[in-house]
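Worksheet: one structure, shown below.
The values are calculated or read from the model by the stated rules, or taken from the named source; none is laboratory data. This is a predicted model, so every value here is computed, not measured. Cβ sites come from the backbone with ideal geometry, for glycine too, and all protein chains shown count toward neighbours.
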Amino acid sequence: MNIYLDNSATTKPHDEVIEYMVSVMRESYGNPSSLHGAGLAAERIVREARGRVAAVFGAKTACVIFTSGGTESNNTAIIRGALSRRRQGRRVITTRAEHPSVLESCAALAAEGFDIVYADVDSDGRVIPASVEALANDNTVLISCIHVNNETGVIQPTDAVFDIAEACGRRAGRRIGVHVDAVQSFGKLSVASLARRADFISVSAHKLHGPKGAGALFVARDARIEPLIVGGGQERGLRSGTENVPAIAGFGLAALMAGRDPNARAERIAACKRRLLEGISAGVDDIKLNGSCGTDAVPHILNISFLGVKGEVLLHDLERHGVFVSTGAACSSKKKGGSRVLAAMGLSAAESEGAIRFSLGDFNTEEEMDRAAEAVCSCVRRFRNLGRYR
Ligand SMILES: Cc1ncc(COP(=O)(O)O)c(C=O)c1O
């Protein structure tokens, strides 16, 4: 049996989610904008899903805009959030340890004349609040910061970022927008405290055992934003296009399921992560933990550099043992040049090259962790012997 440890790239959907989506496709195929009964039935399904997603935010349903996923939510919040404030200033603050959909959205803004500045991160990939503070000036319109780093799992000090935005906004006499990319934390950590202070929060369904191609952007009631996609005026005019009703329905159910017994689930996954790290540490030396295994990181991500081994080669060898992992963010792992996040954390080229991300989900077991650790140790030892490491 394969051991799937790439849950930060995507997760296996719950059977209940699949069954519900199939039933929606078969029976509730109306267009939610149609005025007849079939349309109203589809609209009811979208409304129920919106309620379920809003409940995770602890927010009103009007704050939830369905999108095609995290990438679109990030593009909308950053590009359109900043452009809608362009008369007030042109500075956007972010970090180099963000997902490519954030960094590329910022690059698109730079091409429009925005001043994009990057706050420093520490050696665990955590943003340094003093660095954000030093960059926040009267020209600042938006700060974008990830909630949980997708490569290392560290939890960002978002409260400090909100405090800085508020203080800077008071000095400038206007509100400074804060966007949080919560794709890796939604349904795993509480995001209600974020929703009380953020202007925009991006989330995605396929990271919590829901379908691909569905996500949401939380937009605070008083936040200013223009649509990225225009047309029929769906989603309060903020995201036109006929709603992907089955995927939205699946997203809603996955969000509801994620809310069941979250502490017990987190404990179980944390125990798996500890067991995997212990098994690997006992079997091979010269490894470096990137991020943390403590309470300042999520339980489902473990990033380790195996010195003297190329991560990509290890990944393929592990696949022969039926263990699926990744070398970094799935969307950037096919690109050359290594992880931008690990580089921002100050890892050497050798440490970055030997990095493997193990990411856990609801279906993993402790027994799988023992088998995965055994496979990792045997592959690493073999490569080190071949390469006459030390
Ligand atoms: C932190 C983060 N943001 C955004 C995304 C993009 O989400 P999606 O795949 O739904 O477009 C990902 C996906 O890996 C992610 O990990």
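Please enumerate the residues belonging to the stretch 154-202 that are in a loop (DSSP other than H, G, I, E, B) and charged (D, E, K, R).
So the first thing to find is which residues in the stretch 154-202 are in a loop (DSSP other than H, G, I, E, B), and the list is 156-157, 173-176, 182-185, 187-188, 190-191, 198-199.
Arg174, Arg175, Lys188, Asp199 - these are the residues of the stretch 154-202 that are in a loop (DSSP other than H, G, I, E, B) and charged (D, E, K, R).
The single residue among Ala254, Ala249 that is touching a His at 6+ places or on another chain (Cβ under 6 Å), in the same structural domain as Glu43 (by TED's automatic domain parsing) and in contact (Cβ under 8 Å) with a residue 40 or more places away in the chain turns out to be Ala254.
Return a yes/no flag: does the stretch 231-239 have any residue that is in contact with a strand residue (DSSP E or B) (Cβ under 8 Å, 6 or more places away or on another chain), in contact (Cβ under 8 Å) with a residue 24 or more places away in the chain, on the phi < 0 side of the Ramachandran plot and assigned by TED's automatic domain parsing to the domain that holds Gly69. Working first, answer last.
Looking only at the stretch 231-239, we keep the residues that are in contact with a strand residue (DSSP E or B) (Cβ under 8 Å, 6 or more places away or on another chain), and these are 235-236, 238-239.
After this cut, where a residue has to be in contact (Cβ under 8 Å) with a residue 24 or more places away in the chain as well, the list is 235-236, 238-239.
Filter once more, so that each one left must be on the phi < 0 side of the Ramachandran plot: 238-239.
Still in the running and assigned by TED's automatic domain parsing to the domain that holds Gly69: 238-239.
Yes: one or more hits.
Is at least one residue of the stretch 3-15 part of a helix (DSSP H, G or I) and either among the charged types (D, E, K, R) or not assigned by TED's automatic domain parsing to the domain that holds Glu319 (or both)? Within the stretch 3-15, one or more residues are part of a helix (DSSP H, G or I) and either among the charged types (D, E, K, R) or not assigned by TED's automatic domain parsing to the domain that holds Glu319 (or both). Under the condition of being surrounded by fewer than 21 Cβ atoms within 10 Å (Cβ to Cβ) and touching a Cys at 6+ places or on another chain (Cβ under 9 Å), the residues counted in the stretch 89-100 number 1. If you go through the stretch 179-197, how many residues are away from the ligand (no atom under 16 Å from the Cβ) and either on the phi > 0 side of the Ramachandran plot or in contact with a strand residue (DSSP E or B) (Cβ under 9 Å, 6 or more places away or on another chain) (or both)? Residues in the stretch 179-197 being away from the ligand (no atom under 16 Å from the Cβ) and either on the phi > 0 side of the Ramachandran plot or in contact with a strand residue (DSSP E or B) (Cβ under 9 Å, 6 or more places away or on another chain) (or both): 2 in total.
For first residues located in the stretch 143-167 and within 10 Å of His179 (Cβ to Cβ), partners that are within 11 Å of the ligand (Cβ to nearest atom) and part of a helix (DSSP H, G or I) and lie 6+ apart or on another chain with Cβ distances below 6 Å form the pairs Ser144/Val102. Could you list, ordered by first residue, the pairs with Cβ atoms under 8 Å in which the first is in the stretch 72-94 and more than 16 Å from the ligand (Cβ to nearest atom) and the second is of a type in the set (Lys, Arg) and modelled with pLDDT under 95, at least 6 apart or interchain? Here the result reads Ser84/Arg224; Arg85/Arg224; Gln88/Arg174, each pair linking the stretch 72-94 to a residue that is of a type in the set (Lys, Arg) and modelled with pLDDT under 95. Among residues of the stretch 204-227 that are farther than 17 Å from Ser68 by Cβ, none has a beta-carbon under 6 Å from a residue that is near the ligand (Cβ under 10 Å from one of its atoms) and among the acidic types (Asp, Glu) at least six positions away or on a different chain.
If you check Ser123, Ser131, which single one turns out to be outside any helix (DSSP H, G or I) and either closer than 30 Å to Ser326 by Cβ or modelled with pLDDT under 95 (or both)?
On the way: Ser131 fails: outside any helix (DSSP H, G or I).
Step by step, each of Ser123, Ser131 is checked, and only Ser123 is outside any helix (DSSP H, G or I) and either closer than 30 Å to Ser326 by Cβ or modelled with pLDDT under 95 (or both).
Here the condition is being surrounded by fewer than 20 Cβ atoms within 10 Å (Cβ to Cβ), assigned by TED's automatic domain parsing to the domain that holds Leu142, under 23 Å from the mean Cα position of the chain (by Cα) and within 16 Å of the ligand (Cβ to nearest atom); of Ala108, Ala55, it holds for Ala108 alone. Within the stretch 248-296, if we keep just the residues that are basic (Lys, Arg) and in contact with a helix residue (DSSP H, G or I) (Cβ under 7 Å, 6 or more places away or on another chain), the residue that is farthest from Phe306 (Cα to Cα) turns out to be Arg275.
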